[in-house]
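No lab work stands behind these numbers, since they all come straight from the coordinates. Predicted model, so just to flag it, every value in this text is computed and none were measured. Counting neighbours? That spans all protein chains shown, and the Cβs are built from the backbone with ideal geometry, glycine included.
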Amino acid sequence: STNAPSNKETSEGLASLWDENLNTFYHSTWGSGSYLPLTWMNNGYWGDGITEWPYIEVELTETIENFCFSYTTSTQNNRFPQGFCISAMNKKTGKWEELGTLSMEDNLPQENVKKYTSPVYSLGANYTTIRVELTKASYKNYMVLAELAFYSCEAAKQETVETQIVKGFVPFGRP
């Protein structure tokens with residue numbers, strides 16, 4: 001589901017996110033003239049507490065421990081996400097909990113038809129709804145994506161590697 005359905009639901013609706021066709025796309029609510037878009041960031045915080053950023057919510061059929069997601073940018077020029085807030089709803093408390101944010105420092109693609117895969121997010125056992133909320137875009141505050149996918153994953157593993165210092169000359173290239 002979304003809080004910002006497309007004005008052209010038949011050609012730019014949510015179904016376009018899962019049709020495996022990179023030439024179709026989802027475009028959040030848009031307009032001109034007297035249309036008032038969803039609010040921009042206010043004083044460094046997302047939204048103003050009254051209105052919201054465009055988001056997509058996915059309700060899972062079962063609880064999962066860890067997940068990641070991927071998206072592919074659309075064929076629309078200069079319509080690229082530049083920030084996201086990833087949240088999950090705790091089914092016991094009924095409250096949204098922020099799992100993390102993504103920004104341009106995370107190498108979000110700024111080209112047409114480019115895929116991005118998120119890091120792994122750990123949920124625990126009490127979550128069945130995930131929200132991907134746009135927090136910044138290259139054009140207005142429009143969420144425009146060609147494809148979106150969610151994956152159950154194994155937890156990210158952090159490995160420690162012991163470094164070895166080797167003294168002496170090691171040949172490289174031609175003898």
Give the residue from Tyr116, Thr63, Asn141 lying farthest towards the positive end of the charge dipole for region 52-151; charges sit on Cβ (+1 for Lys and Arg, -1 for Asp and Glu) and the dipole is referred to the Cα centre. Asn141
Val58-Thr101 pseudo-label distance in nm [points 7 Å out on the Cα-to-Cβ vector]: 2.3
Just to be sure I understand the curve: with the Debye formula and one point per C-alpha of region 72-120, what is log10 I(q)/I(0) at q = 0.26, 0.31 Å⁻¹? -0.94, -1.15
When the expected Rg is taken as 2.2 N^0.38 Å, what fraction or multiple of it is the alpha-carbon Rg of region 57-98? 1.54
Beyond 20 Å between alpha-carbons counts as too far, so tell me which of Lys114/Lys136; Lys95/Lys115; Lys115/Lys136 fall in that bin. Lys95/Lys115
Taking Rh as the Kirkwood radius computed over alpha-carbon pairs of region 89-144 and applying Stokes-Einstein at 37 °C with viscosity 0.692 mPa s, one gets a diffusion coefficient in µm² s⁻¹ of 242
